[in-house]
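Since every read-out is calculated from the coordinates, none of them should be taken as a lab result. All of these numbers come straight from a predicted model, not from anything done at the bench. So basically every Cβ, Gly included, is an ideal-geometry build from the backbone, and we count neighbours across all protein chains shown.
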Amino acid sequence: MASKKSKAIDYAEGFLDALKDLGREKGIAPEILFDAIEAALISAYKRNFGSAQNVEVSLDRAKGSYHVYAIKEVVEEPEDDITQISLGAARAIDGKYEIGDAIRVEVTPANFGRIAAQTAKQVVVQRVREAERGIIYEEFMSQESDIIKGMVQRVENRNVFIDLGKTEAVLTPAEQIPGEEYRHGDRIRSYIVEVRKTNKGPQILVSRTHPGFLKRLFELQVPELQDGTVEIKSVAREPGMRSKIAVCSKVEEVDPVGACVGPKGTRVQAVVDELGTEKIDIIKWNPDSATFIANALSPAKVVSVAVNEEEKVSRVVVPDYQLSLAIGKEGQNARLAAKLTGWKIDIKSESQAADESLDESMSEVEVTSDEAFTTESE
């Protein structure tokens, strides 16, 4: 029959092997676990055997054995036996000690094994949980500003919780496309806006209304965006209603609008299918402010644009019959054009413009809009 001592040795060695295997599996350095266990054992000792003592715990990395030591100051005549030891007593242990030295006196309690085992288990579980949370946090931090796929797990107080496998994301009401309904089991795509560290693990906030969501959807569909031939310069969205994107080409032979539309409109249609009823205008970006503003007002045709570069204010003239189209329903087209260009845009019909004098700070030029595409027929 094996002795208690041999059983303890076998247990300690088994514990060490399990600790090292766990560290490798979870990607945690064993030394981190050892240090954490030692710190926890110190707290456990003080809680159960004397909080006033200054102690340290040594955990043997090779054998798994542990020892608790009280750190005492060597003095001539101790006034506090808990924190001090006489010079005579210290020299009885080792003749080299002098006044003022610190000496380690073993104080490992006989019944400390059970407490040590429980403490070690708690620490390991906690550290593994923290490590797993850290791994998940880093994984999703690297995907910030990207699209993820998940399954709707539940809806609570209009917040949609999306199962991502290792964790869940939250789609708040403000980040939901108006009119969309989310049911348990639905598979949806969303855009990672922010990944936060919390005590309960990473909190992943996602959106389906963010302009970046629209941009990434196009990037997934258009090879020219992926290889850098075509670039999306700006995006303006009114989610669920209408969006505008401005694109340019770095290669003269490549039509940026055509590349985003795709053969028979397949690329833009794939994006529209994801967004439901949202209409999309794809316009050509232009370094000339007046031309860019004219393009941004697509599908309306523009006669002339006057600009004040310093104040980024413009006045646009359109044919009388195009005024309502340029402004859009409830001002939507003009509003999106302003967001897309970063300019304040004042739209006038030709007859209105004829009755008004032009601000001297503005220079008016006739413009011809570049080709644009809209998913809504004019």
Worksheet item: Once both labels are modelled 7 Å past Cα along the beta-carbon direction, what's the Asp94-Arg189 spacing in nm?
Response: 6.7
Discussion item. Restricting everything to alpha-carbon atoms, can you work out Rg to Rh for the range 146-208 with a Kirkwood hydrodynamic radius?
Written reply: 0.93
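On a full-extension model of 0.36 nm per residue, what is the gain between Phe49 and Arg158, subtracting their alpha-carbon distance, rounded to one decimal in nm? Present the calculation step by step, with values, prior to reporting the outcome.
Values: separation 109, 0.36 × 109 = 39.24 nm, distance 5.16 nm.
Gain on extension, Phe49 to Arg158, equals 34.1 nm.
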Worksheet entry | Zone of Lys166's modelled label, taken as backbone nitrogen in the range 133-148 under 12 Å from a point 7 Å along Cα→Cβ | 133-143
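As an exercise, identify the trypsin sites (Lys or Arg not before Pro) in the range 166-258 lying in DSSP coil whose Cβ has no more than 15 other Cβ atoms within 10 Å.
On the way: sites: Lys166, Arg183, Arg187, Arg189, Arg196, Lys197, Lys200, Arg208, Lys215, Arg216, Lys233, Arg237, Arg242, Lys244, Lys250; in loops: Lys166, Arg183, Lys200, Arg208, Lys250.
Answer in residue order: Lys166, Arg183, Lys200, Lys250.
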Worksheet entry | Tilt relative to the chain, helix 266-275 - C-alpha long axis, 0 to 90 degrees, to 10 | 60
Worksheet entry | Dipole of the chain [Lys/Arg +1, Asp/Glu -1 at C-beta], most positive-end residue of Asn111, Phe373, Ala40 | Asn111
Worksheet item: List the trypsin sites (Lys or Arg not before Pro) in the range 38-74 that DSSP assigns to loop (not H, G, I, E or B) and whose Cβ has at most 15 other Cβ atoms within 10 Å. Which are they?
Response: Arg61, Lys63
Worksheet item: Count the lysine pairs in the range 212-374 that are 8 or more places apart or on different chains: how many have C-alpha atoms under 17 angstrom apart?
Response: 27
Practice prompt. Note down the nm distance, to one decimal, between modelled labels 7 Å out along Cα→Cβ at Lys197 and at Asp17.
Written response: 3.6
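Determine, from the Cβ-Cβ distance of Val254 and Met141 and an R0 of 41 Å, the FRET efficiency 1/(1 + (r/R0)^6), rounded to the nearest 0.05. Intermediate results must be reported in sequence, preceding the final value.
Values: r = 34 Å, r/R0 = 0.83.
For R0 = 41 Å, the calculated efficiency reads 0.75.
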Practice prompt. Any of Lys46/Lys121; Lys26/Lys63; Lys96/Lys121; Lys121/Lys149 with alpha carbons more than 28 Å apart? Name them for me.
Written response: Lys96/Lys121; Lys121/Lys149
Discussion item. Only sites in a loop by DSSP and with at most 14 other Cβ atoms within 10 Å count here; which GluC sites (Glu not before Pro) in the range 220-262 make the cut?
Written reply: Glu252, Glu253
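In debye to the nearest 20, how big a dipole does the chain give about its Cα centre with +1 on each Lys and Arg Cβ and -1 on each Asp and Glu Cβ?
On the way: 49 positive and 64 negative charges, 423 e Å.
Value, rounded to 20: 2040 debye.
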